[in-house]
Structures are given as structure tokens and as C-alpha cells.
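Everything below concerns the one structure shown next.
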Amino acid sequence: MNLNNKTVLITGANRGIGKATVDALLDAGVAKIYAGARRLSSLPDFGDDRVIPIEIDITDPETVTNAAAVASDVDLLINNAGTLAMGGVLDSSVESIQADMNTNYFGTLDVIRRFVPVLETKPDAAIVNVVTIAAFVNFPGLGGYSASKAALFSLSQGIRIELAPRGISVHTVNPGPIDTDMARDLDMEKTSAEETARNIVAGLENDEAEIFPDPASQQMFGVWQGNYRDLEAAVYEMHHAN
């Protein structure tokens, strides 16, 4: 995808991968970015008048509807907003698992549905869903989160098929451990959000359907490609190492 002069909306733009991706897209020459957050006060000053703050809570249909009305010139939708509850599927509260599913799956689906009528009027439009390598294997310490992101990956496959005749491409971003607030409790080597964002942009420019923006995700996906059960075995070893 040629990002030059594109208009973008990115959810969860106030920190982490979202914030870094705004900066990387500005460097790539986009025309405008709607930087979405649940609270406008949480957005940083990006120092560029191409950035338009927009209120969007993906679990609040009213704010999603309003955002689609305001950002009616979007060519590229990046669904980055998400939540992560620590814990396995057997010991986490049902409420925390539901919260991850409501945000990461149902909330993202609602945004997509509201913006498809906008995107299908554009000659070169795309949807990017920020998923995770945990969509390919369930990490027990992130049980509900992994399941919600696996659902999002499946959703992405489905809409890629449905939207192809309408000229909308669909991409997933599947990072491993990234040095963000969301991952601060993960005791793993992490890639910086800035490097991750640059690789996301490069993947979009190269029309990659599935983007693995860091060494850990690339290595784990390579194992998965060989035999998905080998990746499951590696996670088993990680989980039971102590």
C-alpha cells in the first residue's frame, strides 16, 4: 500500500504501539491521522498538525458511530485498541475474560462494521487489525487475551474474503513481547514500540497480509509454520520452566 497522502484512523493512539505507529506513519508521508483514544486528555502532543485527536471507545457504540461520521475520509483503518488481563483461562475471573473478548473481538468488529461504508468508497483502502503472536498459541498466563486475539485473527481472515470484492485489503499485525505499558508485567525480552511501528509501516508498504514486526514473533511464527504443535510444546516448556 502506498501510504503517501493517505488518511488514517488509529484507535488506542495514546500510548505504546499506537502512539509509535502514529509517529511512523507521519514519517511515511500520510496526509492526516485521526488519533483515537477513549479520553482526549490522554493523547500526547504529536507536534504535527496532520494529527487530529478523536474520541473513540471501541466498547461504546455511540463514540464509534460519531467517529465514523467525523472521519468520513479515511483510507486506512488501524484497529490497535485492546485490553490484556493476566491469568489463565481456568483461574481468571469470567468477567476479565469477557472484558478482553468485548474489547479485542466485539469492539473491533463494531469499529470495522461502522467504517466499511467509508472505506469501500475509496480506491485503495485497507483495514489493519493489531492481533498478537498469541493468536497462534495460547499462553497460559494470558489465557483469555490469547483466546480473544485468536478470535480476532479468525475475524480478520473472514473479512479479508468478504471485503476483497469491495477493494478493501485486510492485514494483521502479530507482535510478540513489545516494550509497552500493556506488557510491563511480562518477564521477557521485548522489542521497542518504535522499532515495532517502523516494521508495521514497512509491512503495509510491502502489502504483507500478516505482519510479524519483531524478532520474537518472527521466530515463533517460523516454528508454527513447521508444525503448530511444536510451538505449543515450546510454550509448555516456557510455562513449566520454573
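The values are calculated or read from the model by the stated rules, or taken from the named source; none is laboratory data. Nothing here was measured: the structure is a model prediction, and the numbers come from that model. Neighbour counts are summed over all protein chains in view; Cβ atoms, including those assigned to glycine, are modelled from backbone coordinates with ideal geometry.
Select, from Val51, Val64, the only residue that is surrounded by 15 or more Cβ atoms within 10 Å (Cβ to Cβ), under 22 Å from Pro117 (Cα atoms) and out of contact with any Ser or Thr (no Cβ under 6 Å at 6 or more places or on another chain).
Selected residue: Val64, the only one of Val51, Val64 that is surrounded by 15 or more Cβ atoms within 10 Å (Cβ to Cβ), under 22 Å from Pro117 (Cα atoms) and out of contact with any Ser or Thr (no Cβ under 6 Å at 6 or more places or on another chain).
Would you confirm whether or not the stretch 168-187 contains a residue that is closer than 29 Å to Leu26 by Cα and over 16 Å from the mean Cα position of the chain (by Cα)? Yes: one or more hits. Checking each residue in the stretch 1-58 for being part of a strand (DSSP E or B) and either touching a residue at least 24 places away in the same chain (Cβ under 8 Å) or within 17 Å of the chain's Cα centre (by Cα) (or both) picks out Thr7, Val8, Leu9, Ile10, Lys32, Ile33, Tyr34, Ala35, Gly36, Ala37, Val51, Ile54.
Of the residues making up the stretch 205-242, those that are of a type in the set (Phe, Trp, Tyr), under 22 Å from the mean Cα position of the chain (by Cα) and assigned to a helix (DSSP H, G or I) number 2. Yes or no: the stretch 9-30 includes at least one residue that is farther than 27 Å from Pro177 by Cα and either in contact with a helix residue (DSSP H, G or I) (Cβ under 9 Å, 6 or more places away or on another chain) or buried (at least 21 other Cβ atoms within 10 Å of the Cβ) (or both). Among the residues of the stretch 9-30, at least one is farther than 27 Å from Pro177 by Cα and either in contact with a helix residue (DSSP H, G or I) (Cβ under 9 Å, 6 or more places away or on another chain) or buried (at least 21 other Cβ atoms within 10 Å of the Cβ) (or both), which makes the answer yes.
Mind checking which residues of the stretch 180-197 are crowded, with 18+ Cβ neighbours inside 10 Å and either of a type in the set (Asp, Glu) or at pLDDT 95 or above (or both)? Answer for the stretch 180-197, where residues must be crowded, with 18+ Cβ neighbours inside 10 Å and either of a type in the set (Asp, Glu) or at pLDDT 95 or above (or both): Thr196, Ala197.
On the basis of being in contact with a Gly (Cβ under 9 Å, 6 or more places away or on another chain), of a type outside the set (Val, Ile, Thr) and either free of Cβ contacts under 8 Å to residues at least 60 places away in the same chain or assigned to a loop (DSSP other than H, G, I, E, B) (or both), does Ala67 make the cut? Against the criterion (in contact with a Gly (Cβ under 9 Å, 6 or more places away or on another chain), of a type outside the set (Val, Ile, Thr) and either free of Cβ contacts under 8 Å to residues at least 60 places away in the same chain or assigned to a loop (DSSP other than H, G, I, E, B) (or both)), Ala67 qualifies.
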